[in-house]
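Quick one: the structure is below, questions incoming.
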Amino acid sequence: MARNVSTRRKLVVTVVAWTIGILIFFPILWTFLTSFKTEAQAIASPPAFLFFDWTTENYFEVQSRSNYFKHFMNSVVVSFGSTLLGLIIAIPAAWAMAFAPTKRTKDVLMWMLSTKMMPPVGVLVPMYLMFRNSGLLDTRTGLVIVLTLINLPIIIWMLYTYFKEIPGEILEAARMDGASLSKEIIYVLTPMAIPGIASTLLLNIILAWNEAFWTLNLSAAKAAPLTAFIASYSSPEGLFYAKLSAASTMAIAPILILGWFSQKQLVRGLTFGAVK
Amino acid sequence: MATLHTRSAARLMIAPSVLLLLAWMIVPLAMTIYFSLLRYNLLMPGMEEFAGLSNYIYFLTDPAFFQAIFNTLAIVLGVLFITVIGGIALALLLDQPMFGQGIVRILVIAPFLIMPTVAALVWKNMFMNPVSGLFAWLAKLVGLQPFDFLANAPLFSIILIVAWQWLPFATLILLTALQSLDEEQKEAAQMDGAGAWSRFFYLVLPHVSRAITVVILIQTIFLLSVFAEILVTTNGGPGTQSTNLTFLVYAQALLQFDVGGASAGGIIAVILANIVAFFLMRMIGKTLEG
């Protein structure tokens with residue numbers, strides 16, 4: 001009997017959860033479906049859900065009309081560039097704070113976190129003017145610099161929480177066995193640090209890919225990543241739903257897949273290690 | 001000797017990060033303060049002059065400013081309300097045994113991974129459009145007049161869109177916290193005859209209170225600066241009905257080229273964020289230590 005009740009309960013929970021899950025996901029599903037419709041079908045009423053003439057024309061149209069690939073590459077260069085640069089700067093810092101902490105380490109970490117609380121509009125005007133005067137406006141280099149700076153505190157915090165979990169005793173053991181410093185780093189520390197670095201890399205690419213304040217304000221036709229490119233569809237031209245959907249699908253698909261693989265790290269990184 | 005050596009090496013390793021963040025904090029902020037005291041418009045180069053506090057007076061007496069403050073708070077509180085309550089409910093649901101839990105989780109998380117401009121445009125065009133949106137079709141289906149969301153309830157519509165993006169974040173974090181709750185504790189409470197409600201209020205809620213605090217803190221930081229969603233849907237309008245402080249400063253700087261006025265607005269935004277951060281940090285400090 002008891003087993004019966006719990007199976008029925010499980011069925012009810014399953015139905016409710018799936019319904020809610022699909023409802024929450026629906027706008028994304030709808031975008032995906034619309035990207036394969038013709039413009040006429042995309043605004044048809046009643047809307048066609050699955051039974052329409054599937055076409056991939058929009059994807060080619062978006063590319064030929066507005067050079068989609070250029071903006072896609074801008075996104076790739078800016079998000080990977082800023083993440084790698086950030087890691088190069090942050091790894092030594094997080095390393096030192098995790099393995100050679102001083103009395104002030106906690107304060108330094110808190111201070112770094114507090115820089116994230118400054119609203120970006122507080123520095124919009126000088127950043128815009130500095131970028132304009134130094135020719136960085138609408139360049140990939142400029143966007144890489146800004147995104148590195150705004151995500152640096154998150155990178156350091158995340159790496160720090162991972163490095164903190166590497167036991168110090170293992171280093172001592174290696175040293176006792178006569179390992180030199182270089183061997184210690186190559187054979188003992190690096191393998192243990194790589195998972196943490198990889199998770200940090202993944203999360204930061206997601207954040208940089210989706211960043212939509214500085215990319216919108218500091219880029220135009222030339223260096224615009226996908227966030228800014230898609231924003232150009234807010235003009236009346238955006239009433240081409242099918243093309244908007246095709247451009248959107250290509251813009252969100254890579255990150256959706258990356259994000260699904262890194263759910264756990266997402267929680268940890270976004271809460272600065274407070275929730276694991 | 002060795003420790004002294006390590007310590008200076010450590011300092012050298014931390015230095016680039018600290019210096020970069022320090023420069024990033026101080027240089028532009030100092031420039032904003034300086035600009036905020038000037039009469040400085042990009043359309044009139046070479047006419048800059050010292051203006052005292054007149055930019056601040058202009059900003060603080062502008063009716064759009066109070067509307068923007070109200071809208072900023074409405075967005076933060078509205079989205080927090082929806083996402084925290086919805087997040088707790090969803091996390092409790094997803095914590096139950098069911099078939100295909102992993103897939104449901106993936107579906108629920110997805111909106112958080114969507115870039116803000118895509119999320120906002122998809123909602124604006126394909127759902128909220130009064131002629132060809134899905135909501136209009138649903139309304140007609142049940143015999144109602146289609147509602148023009150972004151024209152008649154712009155702020156509410158933006159809150160809905162932003163809440164859709166942040167609900168997964170709250171759910172994911174609360175679910176992670178729930179899953180660390182000891183199964184035996186729940187069973188013990190159940191055997192002691194605690195009902196579902198008292199188990200929720202006396203066992204589950206205290207256990208996830210820390211996670212709730214973290215959700216509120218992190219979301220508030222981001223929600224104070226909602227920008228892209230407003231830019232691509234309503235452009236702050238109609239009038240200034242959906243302009244928040246971030247958007248107001250942006251409009252002053254990059255649409256009206258008023259460097260002085262926009263800088264004053266930026267400084268006011270920084271002060272407000274600091275006030276909020278101060279209270280949040282105190283609140284967080286209490287729950288994190290307790």
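What about A:Ala223, is it of a type in the set (Gly, Ala, Ser) and in contact with a helix residue (DSSP H, G or I) (Cβ under 8 Å, 6 or more places away or on another chain)?
Here the answer is yes, as A:Ala223 does meet what is asked.
Something else about it: What are the residues in region A:34-84 that are touching a residue at least 12 places away in the same chain (Cβ under 8 Å), surrounded by fewer than 19 Cβ atoms within 10 Å (Cβ to Cβ) and of a type in the set (Val, Ile, Thr), if any?
Once the filter is applied, which keeps residues that are touching a residue at least 12 places away in the same chain (Cβ under 8 Å), surrounded by fewer than 19 Cβ atoms within 10 Å (Cβ to Cβ) and of a type in the set (Val, Ile, Thr), region A:34-84 yields A:Thr38, A:Thr55, A:Thr56, A:Val77.
Sticking with this one: Need pairs with beta-carbon distance below 7 Å; first residue more than 7 Å from every other protein chain (Cβ to nearest Cβ) and within region A:254-274, second modelled with pLDDT under 75; sequence gap 6+ or separate chains.
A:Arg268/A:Lys276
Also: Looking only at helices (runs of 4 or more DSSP H) that fall completely inside region A:169-250, which ones have 2 or more residues that are within 14 Å of chain B (Cβ to nearest Cβ) and surrounded by fewer than 16 Cβ atoms within 10 Å (Cβ to Cβ)?
Fully inside region A:169-250 and qualifying: A:169-176.
Cβ contacts < 8 Å: first residue farther than 13 Å from A:Phe99 by Cβ, restricted to region A:170-184; second residue among the β-branched types (Val, Ile, Thr), any location; separation 6+ or different chain. Result?
Going by the 8 Å Cβ cut-off, the qualifying pairs are A:Ala174/A:Val188; A:Ala179/A:Val188.
Specify which of the listed residues (A:Ser75, A:Ser114, A:Ser82) is within 30 Å of A:Ile185 (Cα to Cα), within 14 Å of another protein chain (Cβ to nearest Cβ), of a type in the set (Ser, Thr, Tyr) and in a helix (DSSP H, G or I).
Within the list A:Ser75, A:Ser114, A:Ser82, the selection yields A:Ser82.
Ok, one more. I'd like the full set of residues that are of a type outside the set (A, V, I, L, M) and more than 8 Å from every other protein chain (Cβ to nearest Cβ), limited to region B:13-45.
The answer is B:Tyr34, B:Ser36, B:Arg39, B:Tyr40, B:Asn41, B:Pro45.
List the residue pairs whose Cβ atoms are under 6 Å apart, where the first residue sits in region A:88-111 and is in a helix (DSSP H, G or I), the second is modelled with pLDDT of 85 or more and among the β-branched types (Val, Ile, Thr), and the two are 6 or more positions apart or on different chains.
Taking only residues 6 or more apart or on different chains, the pairs are A:Ala90/A:Ile155; A:Ala90/A:Ile156; A:Ala93/A:Ile156; A:Ala93/B:Ile14; A:Ala94/A:Ile156; A:Ala96/B:Ile14; A:Met97/A:Thr105.
Let me ask another. Would you say A:Pro47 is over 26 Å from the mean Cα position of the chain (by Cα) and either part of a loop (DSSP other than H, G, I, E, B) or at pLDDT 95 or above (or both)?
It is true that A:Pro47 is over 26 Å from the mean Cα position of the chain (by Cα) and either part of a loop (DSSP other than H, G, I, E, B) or at pLDDT 95 or above (or both).
Name the helices (runs of 4 or more DSSP H) wholly within region B:138-208 that hold at least 3 residues that are within 12 Å of another protein chain (Cβ to nearest Cβ) and surrounded by fewer than 22 Cβ atoms within 10 Å (Cβ to Cβ)? Spell out how you get there, then give the answer.
Numbers: elements: B:149-152, B:154-179, B:183-191, B:196-199.
The helices (runs of 4 or more DSSP H) meeting that bar are B:154-179.
Also, quick follow-up: From the list A:Thr31, A:Thr7, pick out the single residue that is among the β-branched types (Val, Ile, Thr), in a helix (DSSP H, G or I) and loosely packed, with under 12 Cβ neighbours inside 10 Å.
On the way: A:Thr31 fails: loosely packed, with under 12 Cβ neighbours inside 10 Å.
Matching residue, one of A:Thr31, A:Thr7: A:Thr7.
Identify the single condition in (1) in a helix (DSSP H, G or I); (2) among the hydroxyl-bearing types (Ser, Thr, Tyr); (3) within 11 Å of another protein chain (Cβ to nearest Cβ) that B:Ser132 does not satisfy, given that it satisfies every other one.
(1) is the only condition that B:Ser132 fails.
State all residues of region B:52-88 that are touching a Leu at 6+ places or on another chain (Cβ under 9 Å) and not in a helix (DSSP H, G or I); if no residue qualifies, say none.
Within region B:52-88, B:Gly52, B:Leu53, B:Asp62 meet the criteria.
The values are calculated or read from the model by the stated rules, or taken from the named source; none is laboratory data. The structure presented is a predicted model; accordingly, all values stated were derived computationally and were not measured. So basically every Cβ, Gly included, is an ideal-geometry build from the backbone, and we count neighbours across all protein chains shown.
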